[in-house]
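Below is one structure, written out as structure tokens; comments come after it.
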Amino acid sequence: MILTDKQILIAINKGEIVVEPYDRSCLGTNSYDVHLSKYLATYENEVLDAKKHNTVTHFEIPEEGFVIQPGTLYLGATLEYTETHATVPFLEGKSSVGRLGIDIHATAGKGDVGFCNHWTLEISCVHPVRVYAGMPVGQLIYFMVDGEIENYYNKKKNAKYNLKTPKPMESMMWKNTF
């Protein structure tokens, strides 16, 4: 079951959902709009290796915007820091962003109960598009969970994305055993 605007507000008031900065006008019928932060990153190497730590170069989007290019994966971040303690958050791109040919995530649209951080976005595009810091980029949808939770994400010892940062985080696949 997806939370409605009223249920999201109740969860925010209870501290079960945290959004910072919070803006009531970003609350939709059954979602909360999030925005592109000023930080983007690109991988330093052209060929990435799933077993190695692939480093990124961070940069800030200038006031006049930044043109993202097809064929390049950009890591972005949400302006909003979020915490979700009793529901499963899903991040979906806004339709207006999709209609510009921008995808904001390749596979990582679902969060875990206990996720507490800015969301890293995996941004790609089909043709050059100028993007701006602060532009609406996605919406968080919250799903109810059934049953008690044993292992909250923010308390997992092996969680790879618990380092709190407003900057996008590169893949930590290399920390897996395979």
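The values are calculated or read from the model by the stated rules, or taken from the named source; none is laboratory data. Keep in mind it's a predicted model, so treat the numbers as computed, not measured. Don't worry about glycine lacking a Cβ; one is built from the backbone with ideal geometry, like all the others, and counts go over all protein chains shown.
Suppose we filter 80, 63 for residues that are buried (at least 20 other Cβ atoms within 10 Å of the Cβ), modelled with pLDDT of 95 or more and over 18 Å from residue 173 (Cα atoms); which single one remains? Write out each step before concluding.
On the way: 63 fails: buried (at least 20 other Cβ atoms within 10 Å of the Cβ).
Answer to the check: 80.
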Inset, instruction - Consider residue 60 carefully, then state whether it is over 30 Å from residue 10 (Cβ atoms), out of contact with any Ser or Thr (no Cβ under 7 Å at 6 or more places or on another chain), touching a residue at least 12 places away in the same chain (Cβ under 8 Å) and not aliphatic (A, V, I, L, M). - result: yes
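What residue, among those in the range 146-178 that are out of contact with any strand residue (DSSP E or B) (no Cβ under 6 Å at 6 or more places or on another chain) and among the aliphatic types (A, V, I, L, M), is farthest from residue 94 (Cα to Cα)?
Step one: of the range 146-178, the residues out of contact with any strand residue (DSSP E or B) (no Cβ under 6 Å at 6 or more places or on another chain) are 146-153, 155-163, 165, 171-178.
Now restrict to residues that are among the aliphatic types (A, V, I, L, M): 149, 159, 163, 172-173.
On the way: 149: 30, 159: 28, 163: 26, 172: 26, 173: 27 Å.
Only one residue tops the list, namely 149.
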Inset, instruction - Output the residues belonging to the range 1-30 that are among the small types (Gly, Ala, Ser), closer than 15 Å to residue 139 by Cβ and out of contact with any helix residue (DSSP H, G or I) (no Cβ under 8 Å at 6 or more places or on another chain). - result: 25
Legend entry - Matching residues in the range 95-129 - criterion: being among the β-branched types (Val, Ile, Thr) and part of a loop (DSSP other than H, G, I, E, B): 104, 107, 113, 126
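Residue 40 - would you say it is free of Cβ contacts under 8 Å to residues at least 60 places away in the same chain and surrounded by 15 or more Cβ atoms within 10 Å (Cβ to Cβ)?
Values: free of Cβ contacts under 8 Å to residues at least 60 places away in the same chain: no; surrounded by 15 or more Cβ atoms within 10 Å (Cβ to Cβ): yes.
Judged against the criteria, residue 40 is not a match.
Looking only at the range 51-81, count every residue that is of a type in the set (Gly, Ala, Ser) and over 18 Å from residue 120 (Cα atoms) and tell me the total.
Keep residues of the range 51-81 that are of a type in the set (Gly, Ala, Ser), which gives 65, 71, 76-77.
Narrowing the set further to residues that are over 18 Å from residue 120 (Cα atoms) leaves 65, 71.
Total meeting the criteria: 2.
Just a yes or no: is a residue in the range 34-41 farther than 16 Å from residue 118 by Cα and at pLDDT 95 or above?
First, pick out the residues of the range 34-41 that are farther than 16 Å from residue 118 by Cα: none.
Within the range 34-41, not a single residue is farther than 16 Å from residue 118 by Cα and at pLDDT 95 or above.
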Legend entry - Extreme residue, surrounded by the most Cβ atoms within 10 Å (Cβ to Cβ), among residues of the range 15-37 that are in contact (Cβ under 8 Å) with a residue 60 or more places away in the chain and over 28 Å from residue 124 (Cβ atoms): 17
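Looking only at the range 2-50, how many residues end up being outside any loop (DSSP other than H, G, I, E, B), of a type in the set (A, V, I, L, M) and more than 27 Å from residue 62 (Cα to Cα)?
9
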Legend entry - Enumeration of residues in the range 97-121 that are buried (at least 18 other Cβ atoms within 10 Å of the Cβ) and among the aliphatic types (A, V, I, L, M): 97, 102, 104, 113, 121
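Give the number of residues within the range 130-178 that are part of a helix (DSSP H, G or I) and charged (D, E, K, R).
Applying the first criterion (part of a helix (DSSP H, G or I)) to the range 130-178 yields 153-155, 173-175.
Now restrict to residues that are charged (D, E, K, R): 155, 175.
Result for the range 130-178: 2.
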